[in-house]
1. Quick one: which of A:Ala119, A:Ala83, A:Ala101, A:Ala39 is outside the structural domain of A:Asp188 (by TED's automatic domain parsing), in contact with a Pro (Cβ under 8 Å, 6 or more places away or on another chain) and of a type outside the set (Val, Ile, Thr)?
2. Since A:Ala202 meets every condition but one in (1) part of a helix (DSSP H, G or I); (2) closer than 30 Å to B:Val123 by Cβ, which condition does it not meet?
3. Restricting attention to the range B:159-203, which residues are away from chain A (no Cβ under 14 Å) and among the polar types (S, T, N, Q)?
4. Quick check: anything in the range A:293-307 within 14 Å of chain B (Cβ to nearest Cβ) and surrounded by 18 or more Cβ atoms within 10 Å (Cβ to Cβ)?
5. Looking at the range A:233-259 only, could you name the residues that are more than 13 Å from chain B (Cβ to nearest Cβ) and at negative phi?
6. Just the residues that are modelled with pLDDT under 95 and in a strand (DSSP E or B), please, taken from the range A:141-185.
7. Residues to consider are B:Pro180, B:Pro211; find the one that is closer than 27 Å to B:Lys270 by Cβ, in contact with a Pro (Cβ under 8 Å, 6 or more places away or on another chain) and surrounded by fewer than 17 Cβ atoms within 10 Å (Cβ to Cβ).
Amino acid sequence: MNTTITLAHGNGGEENNELISKVFYKAFKNKILEQREDAAIIHGGELAFSTDSFTVSPLFFAGADIGKLAICGTCNDLAMMGAKPKYLTCSVIIEEGFSIAELERIVDSMKQELELNGAMVVSGDTKVVPKGSVDKIFINTTGVGEVQQKGISSNNLGKDDVIIISRDVGCHGATIFAAREGMELSSDLKSDCASLFPQVQALMDAGIKITALRDATRGGVSAVLNEWAKQSNICIEVEEERVPVSDEVKGICELLGFEAMSLANEGTFVLAVNKAEAEKAVEVLQTFEKSHNATIVGKVSTAYVQRVVLHSAWGTKRFLEMPTGELLPRIC
Amino acid sequence: MGLELKNFYDDFRDAKTIKAYAKVIKKDASELNRDINIMEVCGGHTHTIMKYGLPQLMPKNIHFIHGPGCPVCIMPKERIDHAYLLSMQEDVILVTLGDMIKVPGSHGSLQDARSKGADVRFVYSPMDCLKIAKEHPDKKVIFFAIGFETTTPMTAALIDTVIKKEVSNIYFHINHVTVPEAMAMLAPSKIDAFLGPSHVSVISGSKIYEPFPEKFNKPVVVSGFEPVDVMQSIGMIVKQFVEGRCALEVEYKRAVNREGNVMAQALNNKYFEQREHFRWRGIGDIAKSALKLKDVFAHLDAEVIYQDILPTQEIDDHKLCICGEILKGEKNPKDCKVFGTACKPSNPLGSCMVSSEGACAAYYKYGNLL
């Protein structure tokens, strides 16, 4: 590992995992942490508990802002363990000189998103630091949720499971990239940022037994599938042409040399269910506008254990790797 | 209906068309009682070939040799050190294209330099230097220019603007290299035919490859970068062997003609001249295979201005590295003892592992299923 932190250590991929394992897991080692789930399951399996910090730039972007993101992020981590988000904390670190009007705008979108989840902020903290110490505002939220369906875990995928993606992938990552200074791209693209508990609730209400759920944030769908393949000691085989990608995201990937499946999402999840229930799960998801293009993209096998294989429409295959490095364009 | 971005790639990734070409290639290749080694010179082609799994569609007697056409892969370590050292200068903002960020020199990569406080910026267009220079009049902006013929005119256009607008704080470190000289160096090896880099020909025309069928008796097909393009081009090469021809052909007709972009060529010629020699990482010295700023523009040349701090000592790759043999088609990445173990994209020991377009990196990422 490097001697200093580089941006690649925060990429949600290989370097990020190495840092977490070698520094944090090493120090904090315990059975709950080692489950490596989106949220920790505590209190005899009754509660889910998770935290997330938000540092996005720009603060306001097409489809959402840092406030909405801060609530969705933590609530979604809870939802991914089959838990209903209940109580959140909110910590903000604000740079001296930040506009109060913008702060109010951010907090207002947090409020709206909390209502949608039926959750509330019950404790908080505010710090102001000298100009230059943070980039405008950083937000941390921590949340507790009530587990509605037990046993959802990234460690439990088996040979009868199929893989479903809830919507077209890569919108958040592509939107943020297009909005960064210097890109000067104009597009209709919007972040997928959304609270996922309503969709999870509907799946549970329909009586579907969920094997694993994960929202495909940093590192995208590639990271989720690779983590599952490793944690459950299985192979995941994906039909590449079945993975939904919008024309806008495809276009940005073309221009900048990204893979849509490695781009971040903030309202897109991957679901593993028994094949007998897969069609039903897709039907339930498709009743939501936000997941109207949910689809089965692949299945679990034993072909290449701990790996993810992509099949092309013309009969070739390749491994889908864990994303590495800082997201960067190719030049020619 | 207007032209959309997807019009440029959707049809060129069509499964039916790819399968149809695979069939044609298989049939034609079966009429040959010999093997054909095709070098795709350009890293962009290597990327396409590996990403779309094209070797899996090839008959047993058609082989790919992955060429040296990745601009950061062939950059010798001492020049990567130049970028690092320049970025660490107090009053310098080093600007370059994204591919350079991860490439480790002997002190580390530009990513490491940045984490130690250097001001390193990655841009999509060299023209972004103008904005950076304007915002930081107290700093020296050095554009570390990399790439083949494809990116050279962008650098020339920036130089042109800097001179015309009398911008006083932009300098250049030029590492532009040229394709035909490297191809000529590699042509006497076991390569039977070349897939010609087409973006290079968009600038320089297809005429730059004319010596290869004539002088070296090796067919060249100038190919686009989508899988259908590459499959069609392979088909054209195989056809030449079946018919006993040896010619220069252009598959990428939608963008390439014989003469190329003469305005871009004129701009290049105005500011650049050939270096006597350039050391290609993994291959060695190739005469007249790179460009430098003409002497009259030495006042813009960071290599001249900072010559006191820039090392000239050549630094070789690890002795277990076989990139040179891989580039000549004599060996495959998997023949290398350190491939995937000591040498990985996150810690490359040799040139082919450096960028995603290098042969070893492409094998590491996509190729384990072959």
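The values are calculated or read from the model by the stated rules, or taken from the named source; none is laboratory data. Remember, predicted model here, so these are calculated numbers, not experimental data. Ideal geometry is used to build each Cβ from the backbone, glycine not excepted, and the neighbour counts take in all protein chains shown.
1. After applying the criteria, what remains is A:Ala119.
2. So the condition that A:Ala202 fails would be (2).
3. B:Thr161, B:Ser168, B:Asn169, B:Ser189
4. Within the range A:293-307 (the criterion being within 14 Å of chain B (Cβ to nearest Cβ) and surrounded by 18 or more Cβ atoms within 10 Å (Cβ to Cβ)), the answer is yes, since at least one residue qualifies.
5. Hits for the range A:233-259 are A:Ile234, A:Ile236, A:Val238, A:Val243, A:Pro244.
6. Within the range A:141-185, none qualify.
7. Being closer than 27 Å to B:Lys270 by Cβ, in contact with a Pro (Cβ under 8 Å, 6 or more places away or on another chain) and surrounded by fewer than 17 Cβ atoms within 10 Å (Cβ to Cβ) holds for just one of B:Pro180, B:Pro211, which is B:Pro211.
Residue-wise test of (1) over 26 Å from B:Cys73 (Cα atoms); (2) surrounded by 18 or more Cβ atoms within 10 Å (Cβ to Cβ); (3) touching a strand residue (DSSP E or B) at 6+ places or on another chain (Cβ under 9 Å); (4) not aromatic (Phe, Trp, Tyr).
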| site | (1), (2), (3), (4) |
| --- | --- |
| B:Asp229 | no, yes, yes, yes |
| B:Asn257 | yes, no, yes, yes |
| B:Tyr271 | no, yes, yes, no |
| B:Ala287 | no, no, yes, yes |
| B:Val304 | no, no, yes, yes |
| B:Pro311 | no, no, no, yes |
| B:Gly329 | no, yes, yes, yes |
